[in-house]
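Undergrad: Attaching a single structure in structure tokens format; questions to follow.
The values are calculated or read from the model by the stated rules, or taken from the named source; none is laboratory data. None of these values were measured; they are calculated from a predicted model. Glycine gets a Cβ as well: all are built from the backbone with ideal geometry, and neighbour counts include every protein chain shown. Ligands, DNA and RNA are excluded from the accessible area calculation, which covers all protein heavy atoms including side chains. Shrake-Rupley method; radii C 1.70, N 1.55, O 1.52, S 1.80 Å.
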Amino acid sequence: MIEEKFDAIVVGAGMSGNAAALAMAKRGMKVLQLERGEYAGSKNVQGAILYADMLEKLIPDFRDDAPLERHLVEQRFWMMDDRSHVGVHYRSEDFNEERPNRYTIIRAQFDKWFSSKVREAGATVLCETTVTELVRDANGKVIGVRTDRRDGEIHADVVVLAEGVNGLLGTRARLRERPKPDKVALAVKEMHFLPRETIEARFNLKGDEGVVVEAAGTISCGMTGMGFIYANKECISIGIGCIVADFQSTAETPYGLLDRFKRHPSVAPLIEGSEVKEYSAHLIPEGGYKAIPQLYGEGWVVV
Ligand SMILES: Cc1cc2nc3c(=O)[nH]c(=O)nc-3n(C[C@H](O)[C@H](O)[C@H](O)COP(=O)(O)OP(=O)(O)OC[C@H]3O[C@@H](n4cnc5c(N)ncnc54)[C@H](O)[C@@H]3O)c2cc1C
């Protein structure tokens, strides 16, 4: 066991874990953050659109050095059939403001930056460390965690579970139920690299302007789901996700849907000639308010 005791142990260095660790460290708490990935963000998947309001509260000057891709000046929504789409687009010069509030980001880069802020605030961040179980006292109160490292038991006043949608640790500790198949979507995503000028010409952008497309219709083959296309500086994120219970009741596969989406005549010209450098898959919680598990108990809190 590690003798040193912490005010808080944060499990996970995604958006929630980094926000929690930063907020506590800034208030002078002694914080240990444990992340199973090689570095913060190495395991994380998102479209990704960053809605800046909350981040701005935590790090008011984040725009100075955060790895932001493009600020959004246009949102498109497409309703698609097999060969065509009808679209609603909203674009405004007003979004070319001094402090835009929506950006595309790449999580592997963004989380690394966010984690550097957590360290600067004084927290200890330990990567390549998986929390395997929660430690309880005789009364059942959570008093720490056990990890996959040798002598891996560490104690704290509170354990913050920021482990993401799967919640394996919380499920094993019976703090929450496993996510139900009708309350989560499975999404797959690819990153298509193209020269910056090509992306700007294809999406009608200049400078760091960005656009995102959300799409629904026959692309989800009758299942509840959506596709998305987000313009980054030098790549395009394209993906599709559907409710897991729907996949269970059809013969469709997530990668089959993505291939079909990419071949659609409205989509193919946008990614033509690109090089795919990343492929990822992840669950997304879709159960809404009613699917939120209990968020706290004796010695633990979920974020
Ligand atoms: C394809 C896709 C597109 C999305 N698009 C958007 C979007 O555009 N905008 C938006 O706001 N949201 C979007 N989301 C949702 C968004 O990604 C999630 O809401 C967000 O990542 C949740 O953050 P989190 O910190 O709770 O979990 P995560 O980001 O999943 O982070 C959890 C962290 O905990 C670590 N971890 C887990 N278990 C352990 C353990 N036992 N020990 C140590 N570490 C552990 C993981 O490695 C990970 O780093 C999207 C999601 C997907 C999949």
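Undergrad: Is at least one residue of segment 195-205 open to solvent by 30 Å² or more (accessible area, probe 1.4 Å), polar (S, T, N, Q) and on the phi > 0 side of the Ramachandran plot?
TA: yes
Undergrad: Moving on. Kindly indicate whether Glu252 is out of contact with any Phe, Trp or Tyr (no Cβ under 8 Å at 6 or more places or on another chain), assigned by TED's automatic domain parsing to the domain that holds Ala201, open to solvent by 60 Å² or more (accessible area, probe 1.4 Å) and without any contact (Cβ under 8 Å) to a residue 24 or more places away in the chain.
TA: no
Undergrad: Can you pull out the strands (runs of 3 or more DSSP E) entirely within segment 1-92 that have at least 3 residues that are in the same structural domain as Glu163 (by TED's automatic domain parsing), under 30 Å from Ala268 (Cβ atoms) and touching a Pro at 6+ places or on another chain (Cβ under 8 Å)?
TA: On the way: elements: 5-11, 31-34, 49-51, 68-80, 85-91.
Those strands (runs of 3 or more DSSP E) do not exist here; none qualify.
Undergrad: Scan segment 265-290 for residues that are over 18 Å from the mean Cα position of the chain (by Cα), open to solvent by 40 Å² or more (accessible area, probe 1.4 Å) and not charged (D, E, K, R) and jot them down.
TA: If the condition is that a residue be over 18 Å from the mean Cα position of the chain (by Cα), open to solvent by 40 Å² or more (accessible area, probe 1.4 Å) and not charged (D, E, K, R), then Pro265, Pro269, Gly273, Val276, Tyr289 are the ones that fit.
Undergrad: Something else now. What number of residues within segment 70-114 are closer than 23 Å to Met191 by Cβ, out of contact with any Leu (no Cβ under 9 Å at 6 or more places or on another chain) and either more than 16 Å from the ligand (Cβ to nearest atom) or open to solvent by less than 80 Å² (accessible area, probe 1.4 Å) (or both)?
TA: First, pick out the residues of segment 70-114 that are closer than 23 Å to Met191 by Cβ: 70-78, 80, 85, 100, 102-114.
Filter once more, keeping what is out of contact with any Leu (no Cβ under 9 Å at 6 or more places or on another chain): 71-72, 75-78, 80, 85, 106-109, 111-113.
Still in the list and also either more than 16 Å from the ligand (Cβ to nearest atom) or open to solvent by less than 80 Å² (accessible area, probe 1.4 Å) (or both): 71-72, 75-78, 80, 85, 106-108, 111, 113.
Selection size over segment 70-114: 13.
Undergrad: Let me ask something else about it. Find the helices (runs of 4 or more DSSP H) located wholly in segment 228-303 whose residues include 1 or more that are more than 26 Å from Thr104 (Cα to Cα) and charged (D, E, K, R), and list them.
TA: Of the helices (runs of 4 or more DSSP H) lying wholly inside segment 228-303, those with at least 1 residues that are more than 26 Å from Thr104 (Cα to Cα) and charged (D, E, K, R) span 244-248.
Undergrad: Using the structure shown, decide if Leu134 is aliphatic (A, V, I, L, M), within 30 Å of Lys183 (Cα to Cα) and open to solvent by less than 10 Å² (accessible area, probe 1.4 Å). Break it down stepwise before answering.
TA: Working: aliphatic (A, V, I, L, M): yes; within 30 Å of Lys183 (Cα to Cα): yes; open to solvent by less than 10 Å² (accessible area, probe 1.4 Å): no.
When the stated conditions are applied, Leu134 does not pass them.
Undergrad: Looking at Val160, Val188, Val211, which one is within 30 Å of Arg136 (Cα to Cα) and either within 15 Å of the ligand (Cβ to nearest atom) or open to solvent by 40 Å² or more (accessible area, probe 1.4 Å) (or both)?
TA: Being within 30 Å of Arg136 (Cα to Cα) and either within 15 Å of the ligand (Cβ to nearest atom) or open to solvent by 40 Å² or more (accessible area, probe 1.4 Å) (or both) holds for just one of Val160, Val188, Val211, which is Val160.
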